Amino acid sequence: MAARPATRPHYHVASPLPNDPTRTDATMTDPVRRLDFGRVAVHFGDKSGKYPDGNQVIVRGTDTRAAFDTPLVSNRIGPEFDATELVLLGHAHEDHMAGLHRLPRAAVQVHEHDLDAVRSWEGLVRHYGLSLAAAEPMRAKIRREFFYAPRPDATGYRDGATWDLGQARVRAFHLPGHTAGHCALLVEPEGVAFIGDIDLSGFGPYYGDAASNLADFRRSIARLPEIPARVWVTSHHRGVYTERAAFLAALAAYAAKIDERSERLLEMLSGGLKTLDELVAMRLIYPTDFQEIWIEDAERHTIRRHLDELLEAGRVRCVDDAGRYARA
């Protein structure tokens with residue numbers, strides 16, 4: 001799952017580029033807007049790839065054409081996307097697999113830690129960490145809205161993997177946290193980094209799945225600036241950064257959301273003892289009136305991770321066998 005807000009602010013392309021491809025009146029019938037950086041094309045989804053859409057990167061190597069992820073917009077690109085021979089998934093979530101049905105003969109690769117989630121529905125359920133009550137409704141939803149179909153033929157790659165596409169080379173950087181296998185993909189010599197769901201959005205990092213890890217996400221955010229890129233492309237919302245200072249400022253604001261949530265959770269505990277179930281009902285990351293199939297599971301995974309951090313830091317304590325938490 002990408003970060004799925006009830007309402008998220010829309011952001012324009014971060015760099016001052018002409019003919020802004022992220023105008024908010026785009027519809028599924030509009031031509032797909034794009035930017036090109038040498039052999040790399042960025043095709044913008046609706047509202048700069050706002051969930052449920054995403055931004056599509058295609059690399060036109062002289063030997064191989066590769067696509068990074070396959071968001072909903074891939075279904076509107078046409079022959080340029082449909083000629084893809086290799087799909088490199090930065091991670092496994094329904095909104096990043098919505099065009100795989102168009103590419104039955106393309107090779108599909110994802111980091112080995114996310115591989116089971118691409119190969120089978122059962123693997124994806126474990127990846128999400130969905131409750132039994134949510135699993136079947138979620139499968140029906142993503143089949144209907146994201147053309148979901150598993151790819152049992154998918155294969156895995158590891159941190160540092162490279163692909164020579166012909167006058168273009170791709171290198172994988174393992175940046176877990178959002179999922180266990182989340183990666184950035186760097187295209188050289190253009191220096192374009194597809195940073196996936198480290199999306200720099202105002203919502204902040206999403207680590208609400210069973211396959212997510214908050215400590216890993218913190219480390220990945222710290223590692224991201226070390227990638228030797230000149231252009232940064234997000235899966236959602238922000239679009240494209242071409243200025244390092246703007247990218248770093250956005251990354252710092254994005255990272256700060258994690259600690260803001262910890263402080264909010266402490267405020268939730270200020271009114272007295274609370275169980276995990278009670279905290280989930282209060283909501284840490286989503287409005288209480290926003291309902292979706294996956295909300296309770298996402299809140300539970302997220303809150304538990306913050307509680308674990310706060311327990312380790314001595315800022316929260318579990319006071320009894322009923323699993324009630326209090327501020328330390």
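The values are calculated or read from the model by the stated rules, or taken from the named source; none is laboratory data. The model shown is predicted, which means the values in this text are computed figures rather than measured ones. Cβ atoms come from the backbone with ideal geometry, glycine included; neighbour counts cover every protein chain shown. We work out accessible area using only protein heavy atoms, side chains counted, and drop any ligands, DNA or RNA first. Shrake-Rupley method; radii C 1.70, N 1.55, O 1.52, S 1.80 Å.
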(Q) Which of Ala135, Ala313, Ala252 ends up with the largest GNM mean-square fluctuation for the chain, with Cα atoms connected below 10 Å? (A) Ala313
Q: Work out, step by step, the length gained on full extension between Ala322 and Glu122: first 0.36 nm times the residue separation, then minus their alpha carbon distance; give nm to one decimal.
A: 68.8 nm
**Q.** Contact order relative to length of the chain, as percent, for alpha carbon pairs under 8 angstrom and 6 or more apart
**A.** 16 percent
Q) Roughly speaking, what is the stretch gain from Glu188 to Thr288, that is 0.36 nm per residue apart minus the C-alpha to C-alpha distance, in nm to one decimal? A) 31.5 nm
Q: Using a/c under 1.5 as the rounded threshold, could you call the stretch 125-239 rounded, prolate or oblate? The axes a ≥ b ≥ c are square roots of the C-alpha gyration tensor eigenvalues, and prolate needs a/b larger than b/c, oblate otherwise.
A: prolate
Q: Would you mind getting the accessible area per residue of the chain, heavy atoms of the protein chains only, 1.4 Å probe, in Å²?
A: 40 Å²
Q | Of all DSSP beta bridges in the chain, antiparallel share, percent nearest 5 | A | 65 percent
Q: Compute the distance in nm between two label points, each set 7 Å from the Cα along the Cα-to-Cβ direction, one at Glu145 and one at Leu273.
A: 3.9 nm
**Q.** Cross-link partners of Lys257 among aspartates and glutamates (Cα-Cα below 16 Å; sequence separation of 8 or more within a chain)
**A.** Asp197, Asp199, Asp216, Glu267, Glu299, Glu309
Q: With both partners inside the stretch 179-252, how many of the DSSP beta bridges are antiparallel, as a percent to the nearest 5?
A: 55 percent
Q: Hey, can you grab everything whose amide H is under 5 Å from the amide H of Thr275? Only 5+ residues off in sequence or another chain; H modelled, so Pro and N-termini drop out.
A: Tyr325
Q: Please find, in a Gaussian network model of the chain (springs between Cα atoms separated by less than 10 Å), the residue of Ser201, Ser212, Ser270 whose mean-square fluctuation is greatest.
A: Ser270
Q. Based on the alpha-carbon gyration tensor of the stretch 29-170 and its eigenvalue square roots a ≥ b ≥ c, which shape applies: rounded if a/c is under 1.5, prolate if not and a/b is larger than b/c, or oblate?
A. oblate
Q) Ignoring ligands, DNA and RNA, what percent of the 1.4 Å accessible area of the chain is carbon and sulfur? A) 50 percent
Q: Pick out which of Thr234, Thr288, Thr64 has the largest mean-square fluctuation in a Gaussian network model of the chain, springs linking Cα atoms closer than 10 Å.
A: Thr288
Q.
From Cα pairs below 8 angstrom and at least 6 apart in sequence, can you work out the relative contact order of the stretch 206-288, rounded to a whole percent?
A. 17 percent
Q) Which shape class, rounded, prolate or oblate, goes with the stretch 91-143 when its Cα gyration tensor gives a ≥ b ≥ c as root eigenvalues, a/c under 1.5 marks rounded, and past that a/b bigger than b/c marks prolate? A) oblate
